[in-house]
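Visitor: Pasting a structure here, questions to come.
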Amino acid sequence: MARKTDSPIVSIVHPVCCGLDVHKDAISACLVMADYNGVERSEIREFGTVTEDLLGLRNWLMEHDCPIVAMESTGVYWWPVHNVLEHYIEVILVNARHIKNVPGRKTDIADSKWLAGLLRHGLLKGSFIPPQYVRDWRDLTRLRKKIQENINDYKRRIHKVFESANIKLGSMISDVFGVTGNQLMDLLVSHDKELTLEEIEKCLQGRLKSTPTEIFRSIQGSFRDHHRYLLKKLRQIIQMLEEERGALTQRLQELMEPHNPLMKRLKAVPGISDVSAAIILSEIGPTLDKFSSSAALASWSGLCPGNNESAGKRKNGRNPVRQHRLRTVMVEVAWGAIRKKGSYYKDKFHRLKARRGPKKALVAIAHRLLKAIYHIVKTGEEFRDLGENYLLLRHQTHRLRYL
């Protein structure tokens, strides 16, 4: 007969801890501790979100010798709390989806109690919060991406203006915003008279897919002063946004200058440019101390299948991470890597594409690229491409051994 023991299944990891439910204007805090007799007790308070109230929260936690805090927040409202507690108390930011799988407990005070109870027994997994200088990189790269999206949006508006004026310039020139396209737009803005073929030929530069006569025919439309005014204003907005994008890029280069050797090693990977290398470092940091393995990094970014198995049967393997900025940039990098001639990733992509389809094959290549980035950042290794014939020679070696 098995001997009965009184050891608890779930042990107490943090005897003194606190749970915070953070909102825009209010914070509910539940501090769990033990009294002099060893009996567990809790204290609940509510605080505001201005700096003075947050300092009061920090002083209250330090008076009770609270070493760790878990908080759940909506949007970016956890930032002020983290700024005040960062260098004094360990802060764990938890995902609401991981802790709200129990019915009920849908008040702010109940949420803070539930958080404190889970933290007390070590049942919470914190989100990755990079150091402050890496968060500064993130702000710059994400703002630069937003400005680039706005530039692309205004370029589409220019295409719309051309279509409304019966000008088919986009069908004749591969890049409307290249040298030839910009000179033609300058001509349209500056001339209020009918253009001639000789004026069009002076604007053409380099090799074009259309003849000067075809371009001249495509630019004959109902281009009025209204369209001229719109085109002028849209180009001014694009120029202003491009200047702001350049200023952000320069500022980012100044902040990341101490890590230029690491940036150089990352740019040796196929598909990674200066922009993508800066985005990758701003998302994962230059040390990767919080990730124990490349598998952990891939799981965090959503670049590996999810685990969903029951009764020995493998069910849907969709990853629970739906959207992630690192995942987005790694898929873009994978598109560039599979186009490099003589690259291992190009050969591997086409092998996977034949069996799994192009989308799954591309995500698999992004996963392999992220593993390579992990070792480059973590161990300081140099990137070495295995080559396009690596898998072929490997399979031949196995086949010869078998024969």
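Visitor: State to the nearest 20 debye the size of the charge dipole of the stretch 17-120 about its Cα centre, where the only charges are +1 on K and R beta carbons and -1 on D and E beta carbons. Mind dumping the intermediate values first?
Guide: Details: 10 positive and 15 negative charges, 97 e Å.
Here the size comes out at about 460 debye.
Visitor: Oh, and also: Let me know the longest stretch in the chain that avoids all GluC sites (Glu not before Pro) found in a DSSP loop with at most 12 other C-beta atoms within 10 Å.
Guide: Values: sites that count: E194, E381, E382.
The segment 1-193 is the longest one with no such site.
Visitor: Using only helices, what value at 222 nm comes out for the chain when you add -39,500 (n - 2.57) per DSSP H run of length 4 or more and divide by the total residues, to the nearest 500 deg cm²/dmol? All intermediate terms of the calculation are to be shown ahead of the outcome.
Guide: On the way: 17 runs with 220 residues, N = 403.
My calculation for the chain gives -17500 deg cm²/dmol from helical runs alone.
Visitor: Further question on the same structure: When a/c is below 1.5 the answer is rounded, else prolate if a/b is larger than b/c, else oblate, so apply that to the stretch 56-139 with a ≥ b ≥ c taken from the square roots of the Cα gyration tensor eigenvalues.
Guide: Values: a/c = 1.88, a/b = 1.27, b/c = 1.47.
Oblate, because a/c is 1.5 or more while a/b does not exceed b/c.
Visitor: Based on other C-beta atoms within 10 Å, arrange D136, D21, D192 from fewest to most. Walk me through the numbers on the way to the answer.
Guide: Numbers: D136 16, D21 24, D192 10.
Going from least to most buried by this count: D192, D136, D21.
Visitor: Calculate the FRET efficiency for E243 and L187 from the Cβ-Cβ distance with a Förster distance of 22 Å, rounded to the nearest 0.05. Provide the component values of the computation, followed by the final result.
Guide: Details: r = 23 Å, r/R0 = 1.06.
For E243 and L187, the calculated efficiency is 0.40.
Visitor: OK, next. Tell me the label only: which of [x] 263; [y] 213; [z] 128 is volume of the Cα convex hull per residue in Å³ as calculated from this structure?
Guide: [x]
Visitor: For the chain, build the charge dipole from Cβ charges (+1 Lys, Arg; -1 Asp, Glu) around the Cα centre, then report which of W114, N166, I279 sits farthest towards its positive end.
Guide: Positive-most Cα among the choices belongs to N166.
Visitor: How large is the Kirkwood hydrodynamic radius of the stretch 310-397, in angstrom, based on all distinct alpha carbon pairs?
Guide: On the way: mean 1/r = 0.0685 Å⁻¹.
It is 14.6 Å.
Visitor: Then there is this: Going down the table (K264/K341; K160/K353; K313/K371; K313/K360; K145/K168), which pairs top 25 Å between alpha carbons?
Guide: K160/K353; K313/K371; K145/K168
Visitor: Same structure again: Through the Karplus equation 6.51 cos²θ - 1.76 cosθ + 1.60, θ set to phi - 60°, convert the phi angles of the stretch 71-80 into ³J(HN,Hα) values in whole Hz; use x for Gly and Pro.
Guide: 9, 10, 9, 9, x, 9, 6, 7, 4, x
Visitor: Quickly rank 273-281, 289-297 as a protection proxy: mean count of other C-beta atoms within 10 Å, highest first. Mind showing how you got there, number by number?
Guide: Working: 273-281: 19.9, 289-297: 15.0.
Highest to lowest by the protection proxy: 273-281, 289-297.
Visitor: Is there a quick way to get the dipole size of the chain? I mean about its Cα centre, with the Cβ of Lys and Arg at +1 and of Asp and Glu at -1; what is the value in debye to the nearest 20?
Guide: Numbers: 65 positive and 45 negative charges, 583 e Å.
About 2800 debye.
Visitor: So for the stretch 249-381, taking the charge dipole from beta-carbon charges (+1 Lys/Arg, -1 Asp/Glu), which of L352, L370, V333 sits furthest toward the positive end?
Guide: Of the options given, the answer is L352.
Visitor: While we're here: Can you sort V329, V39 from fewest to most other Cβ atoms within 10 Å of each residue's own Cβ? Before the final figure, lay out the partial values.
Guide: On the way: V329 23, V39 7.
Going from least to most buried by this count: V39, V329.
Visitor: How many percent of DSSP beta bridges within the chain run antiparallel, rounded to 5?
Guide: Values: 16 of 25 bridges.
The antiparallel proportion sits near 65 percent.
Visitor: Which loop-located trypsin sites (Lys or Arg not before Pro) does the stretch 355-396 contain, where loop means any DSSP state but H, G, I, E or B and the Cβ has at most 11 other Cβ atoms within 10 Å? Write out the running numbers ahead of the final one.
Guide: Numbers: sites: R355, R356, K359, K360, R368, K371, K378, R384, R394; in loops: R384.
Those that pass, being in a loop and sparsely packed, are R384.
Visitor: Which residue, chosen from G56, L31, I99, occupies the Cα position most advanced towards the positive end of the dipole of the stretch 17-120, where the dipole is computed from +1 (Lys, Arg) and -1 (Asp, Glu) charges on Cβ about the Cα centre?
Guide: I99
Coordinate-derived values only; no laboratory data. The structure presented is a predicted model; accordingly, all values stated were derived computationally and were not measured. Cβ coordinates were reconstructed from backbone atoms using ideal geometry, including for glycine residues, and neighbour counts include every protein chain displayed.
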